[in-house]
1. Can you tell me the convex hull volume per residue for the range 263-328, based on C-alpha atoms, in Å³ to the nearest whole number?
2. Kindly provide the helix-only [θ] at 222 nm of the chain, computed as the sum of -39,500 (n - 2.57) over DSSP H runs of four or more divided by all residues, to the nearest 500 deg cm²/dmol?
3. Here is the link list: Lys50/Lys199; Lys50/Lys95; Lys68/Lys199; Lys68/Lys169. Which ones come out longer than 31 Å on Cα distance?
4. Please name which of Val230, Gly255, Ile286 has its Cα lying farthest along the dipole of the range 210-317 towards the positive end, using unit charges on Cβ (Lys, Arg +1; Asp, Glu -1) and the Cα centre as origin.
5. Just to check I understand the Karplus step: with θ = phi - 60° and J = 6.51 cos²θ - 1.76 cosθ + 1.60, what whole-Hz values come out for the range 22-33, glycine and proline as x?
6. Out of every Cα-Cα pair in the range 186-253, what percent are more than 14 Å apart?
7. Can you pull the one-decimal nm distance between simple spin-label points at Met253 and Leu200, each 7 Å off the Cα toward Cβ?
8. Beyond 29 Å, what share of the Cα-Cα pairs of the chain is found? Please give it as a whole percent.
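The values are calculated or read from the model by the stated rules, or taken from the named source; none is laboratory data. Given the structure is predicted, the values throughout are model-derived calculations rather than measurements. Glycine gets a Cβ as well: all are built from the backbone with ideal geometry, and neighbour counts include every protein chain shown. Just the protein is used for accessible areas: all its heavy atoms, side chains included, with ligands, DNA and RNA removed. Shrake-Rupley method; radii C 1.70, N 1.55, O 1.52, S 1.80 Å.
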Amino acid sequence: MSSYREPTIRGDDEPPAAEDRALRPTRMADMVGQREVYERLMIAVDAARKRGDVLGHILLDGPPGLGKTTFATCIPRELGTTLQIASGAALAAPKDLLPYLSNAAEGSVLFIDEIHRLPIAVEEFLYPAMEDFRIDITLGEGVAARTINMPLRPFTLIGATTRPGLISKPMRDRFQVREHLDYYSPEDLAEIIRRSAVKLELPMDDATADEIARRSRGTPRLANNRLRWVRDYSTSRAAGSLDLAIARTALEMQGIDILGLDGFDRRYLETIQRVFGGGPVGIEAIAHTMSSAPDTLEDDVEPFLLRCELVIRTPRGRRLTARGEEHLSGLSPGPGPGRLF
Ligand code: ADP
């Protein structure tokens with residue numbers, strides 16, 4: 001839409017790497033997979049556009065790299081409006097939110113990534129902004145303190161989180177639309193890889209796209225990363241040619257196995273197996289042993305391993321499953337058709 005302006009990147013947020021931007025779909029129609037979520041969001045967007053209303057607030061949750069930011073950047077394009085991007089981690093106090101709220105044009109979108117990291121004071125400051133499009137500012141202190149209301153132009157908040165469980169109920173209830181993004185099927189990932197290969201001007205047969213898809217952990221971001229690595233390998237070691245065998249060699253060289261797990265994922269499984277006798281073991285203990293942060297393990301590593309049933313969570317901690325043992329011993333046959341998704 002002609003009135004669309006490039007997203008304003010403010011605050012401490014890292015703009016996405018140029019190549020990431022190049023592969024990110026710019027329109028909803030270019031997005032692959034997540035059909036049910038896609039349809040529901042399209043209906044909400046279409047209805048708002050037809051009625052000339054402001055789109056209701058949207059909360060997107062799901063593991064990293066599944067398309068939360070992509071939805072948040074495509075939606076304002078569909079609406080023909082502007083987008084501001086903020087990160088929950090960088091909004092330490094209500095005053096940090098003020099510029100975003102006062103800059104928000106009528107009907108524009110404010111995207112807050114990692115919204116579960118907002119401190120409670122900032123969250124409470126957001127409540128009237130979300131509900132009544134006003135903010136309460138306290139001036140002065142003690143008995144002399146008074147609160148003034150500042151009206152805002154109606155806007156749409158899109159929140160994204162990898163930890164929906166950490167969002168308070170009052171916050172959650174203020175989102176009219178709540179959607180969960182799940183891992184992509186190998187077929188959808190193969191389609192994303194084929195489209196990215198076209199953008200990168202990389203000729204690719206279907207068997208190669210399928211192989212990279214199978215080793216992408218159900219995640220578009222990783223699919224694109226794996227594709228870029230395969231392209232580098234092809235340029236550097238195979239005189240620019242690419243086929244299934246070359247893709248496999250490239251991915252194995254990076255330590256990416258048949259399920260798409262990388263060395264770090266396997267180290268997590270091995271830690272439970274070797275150090276803790278298969279579990280059950282608490283996440284803190286695993287994190288200490290691996291010199292990693294529990295949050296990283298919980299957000300980035302565990303969801304896919306749980307999904308593949310390589311580990312389970314019990315009240316007493318994480319436990320390796322027979323399938324997990326099998327995978328580590330190299331006997332894993334990989335996901336059978338329809339087995340994981
Ligand atoms: P999140 O915000 O959930 O961490 P992103 O939206 O940043 O994930 O997605 C990571 C990358 O994966 C994007 O840059 C884009 O290239 C790709 N991607 C994500 N979702 C899709 C999709 N539905 N179709 C095509 N590519 C996608």
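1. Details: hull volume 4.9 nm³, N = 66.
Convex hull volume per residue, Cα atoms: 74 Å³.
2. Details: 14 runs with 143 residues, N = 341.
Helix-only estimate at 222 nm: -12500 deg cm²/dmol.
3. Values: Lys50/Lys199 33 Å; Lys50/Lys95 35 Å; Lys68/Lys199 21 Å; Lys68/Lys169 21 Å.
Beyond 31 Å between Cα atoms: Lys50/Lys199; Lys50/Lys95.
4. The residue sitting most towards the positive pole is Val230.
5. Ordered by residue, 3J(HN,Hα) equals 5, 8, 6, x, 9, 10, 3, 4, 8, 7, 10, x Hz.
6. Working: 1078 of 2278 pairs.
Summing the P(r) of the range 186-253 above 14 Å gives 47 percent of all pairs.
7. Spacing of the two 7 Å Cα→Cβ label points: 1.3 nm.
8. Working: 27426 of 57970 pairs.
In whole percent, the share of Cα-Cα pairs in the chain beyond 29 Å is 47.
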